[in-house]
Amino acid sequence: MRAGGPRRRGAVRAVSTWLRGALWPIPVIAVVVAVGIGIGLPAVDAVLESRDSGHPLTFVFGGGPSAARDLLAAIAGSLISVTGLIFSLTVVAFQLGSSQYSPRLLQTFATDRVVQLTLAQLTATFVYALTVLRTVRTESATEGETAFVPRLSITVAYVLTLGSVLAVVLFLGHLARALRVETMLRDVHEEADETLARELPDDLEHPSPVRLPSGPGLPVASPSSGFVVDLDEDRLVSAAAGSDVVVLLAARIGDSVVTGAPLAHAWARDGIRGPDTAALQDVLGRSVRLGFERSPARDVAYSLRKVVDIAVRALSPGINDPTTAVHALSHASALLGDLVSRPLGPDCRADDDGVVRLVVPRWTPDDLVALALEEPLHYASGQPAVLRRIAVLLREVAWRAPRGVVDRALRDRLRHAVDLAAESTRITAAERRSWEEALDSALTGVWPADRPA
């Protein structure tokens, strides 16, 4: 059981997750800052120009109003064109990642800080140049006023342009790396590590057995449809304590629910009166946040789902890339081992009196093994390299998992892999037996050294 934090933590987390998953926040902030600097720096220039000794900075722009206008116009015009090019390349990267690997990778690519910072640099420089351009005055432009050239502001625009050129060069190099499947797998793996550190820390206590009141429980319908992406445990616990009920969510974080289907079940602790389902449904609608797509913020299995998608797409007849599938299965092995080595029981939340009021189901070890291997095994027929990697994956997970947690599930998957190898490949019976022996040894905590011939 874990104590809940302040109630506003859920709202802050929801906003933070939404901002991290969007491409526009950093560029928009950069544009606002650029407008502010574009207004403030010319004012500083006006103060410096008002001195009798002239502009005190010798390194600033030294041209006249026409040259200043031409320079700022050239900066603005070229940068808006380059920004369009960068946007086009980003869209192409989205399309390639979606068609070649997995549509779910677009979510990871959209949060790439290099992409966001590059767009921020280009748009901010463009907006800054336009903002400063409006302050340049020639002698014939106004009556009773002298020409004004914001020399420091134009110099800053020139420096920002040089920075934009450097940003474009770095972006092209980053894009070439980002489109490689190994880079995408690494990004997904890092995303998973962050989620596990938040949701399943190493010091998390093993959950106690869940004891719900007797009876089937009263179902509480979902007010809307979508994927469960977040929930406010504190609000649910407070509502359950106020109604003296115990609430069991029917969906894990990451599962989909539809309108009218049970989102939770409730039991009255006194066993006499029934729970107020209308009030509970209202609280669930405000406490359980549904989204149109899964989010890696709290979904511990979503990153594993992405890795499996890459492996399955690589094994499809249209792509037929077993090497990529092998690489993806290596990441799947590491993620699956990280998951099954942590406590994965239901998340039980208690009120101030220590009474369990909310039970949130989690992914079980068997479900995670099925998620990681069910589809790759289905498409691994005739792929000896992939079947060998699956056998090693099972051995690695068996070595890392607590004894007896996933033994049966791992043996079942290995039996499937052995049958596929016998039916569709020329892998020898001796090698297949070695897979079984290696798994049995790993399950008992033994990993013999492979002595070279």
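Points to keep in mind about this one:
- C-alpha center-to-center spacing [segment 287-341, segment 210-270] in angstrom: 28 Å
- Taking a ≥ b ≥ c as the square roots of the Cα gyration tensor eigenvalues, segment 196-337 comes out prolate, since a/c reaches at least 1.5 and a/b is larger than b/c.
- Relative to the Cα centre, the charge distribution of segment 203-252, modelled as +1 at Lys and Arg Cβ and -1 at Asp and Glu Cβ, gives a dipole magnitude of about 300 debye.
- Antiparallel DSSP beta bridges within the chain, percent to nearest 5: 90 percent
- Segment 294-308 - phi-based ³J(HN,Hα) in whole Hz, Karplus 6.51/-1.76/1.60, Gly and Pro as x: 5, 10, x, 4, 10, 8, 6, 9, 5, 5, 4, 4, 5, 5, 5
- Across the chain, the mean sequence separation of Cα contacts (distance under 8 Å, 6 or more residues apart), normalised by length, yields a relative contact order of 15 percent.
- Here's how it looks for Leu263: its modeled amide H is under 5 Å from those of Val220, Ala221, Ser222, which are all 5 or more places away or on a different chain.
- Estimated vicinal HN-Hα couplings, Hz - segment 310-323 in sequence order (Karplus 6.51, -1.76, 1.60; Gly, Pro = x): 5, 5, 5, 5, 5, 8, 5, x, x, 10, 6, 10, x, 5
- Exposed-loop-free span, longest in the chain, where GluC sites (Glu not before Pro) count as exposed if DSSP calls them loop and at most 12 other C-beta atoms lie within 10 Å: 206-453
- Going by neighbour counts of Cβ atoms within 10 Å, the residues Tyr158, Tyr101 line up, fewest first, as Tyr158, Tyr101.
- Rounded to the nearest 10 degrees, the angle from helix 151-178 to the longest Cα principal axis of the chain is 30 degrees.
- Shown here: Rg/Rh (Cα atoms, Kirkwood Rh), derived from the displayed model; of the candidates (i) 1.00; (ii) 1.12; (iii) 0.98, it corresponds to (ii).
- Seen against the Cα atoms of the chain and their longest principal axis, helix 233-243 is set at about 60 degrees.
- Global geometry of segment 365-406, whether rounded, prolate or oblate, following the gyration tensor of its Cα atoms and the 1.5 cut on a/c: oblate
- Value at 222 nm in deg cm²/dmol, rounded to 500, when DSSP H runs of n ≥ 4 in the chain each add -39,500 (n - 2.57): -20000 deg cm²/dmol
Only the coordinates and a few stated rules stand behind these numbers; no lab work does. In this text the structure is predicted, and so the values were computed from the model without any measurement. Positions of Cβ are generated from backbone atoms using ideal geometry, with glycine treated the same way; all protein chains shown enter the neighbour counts.
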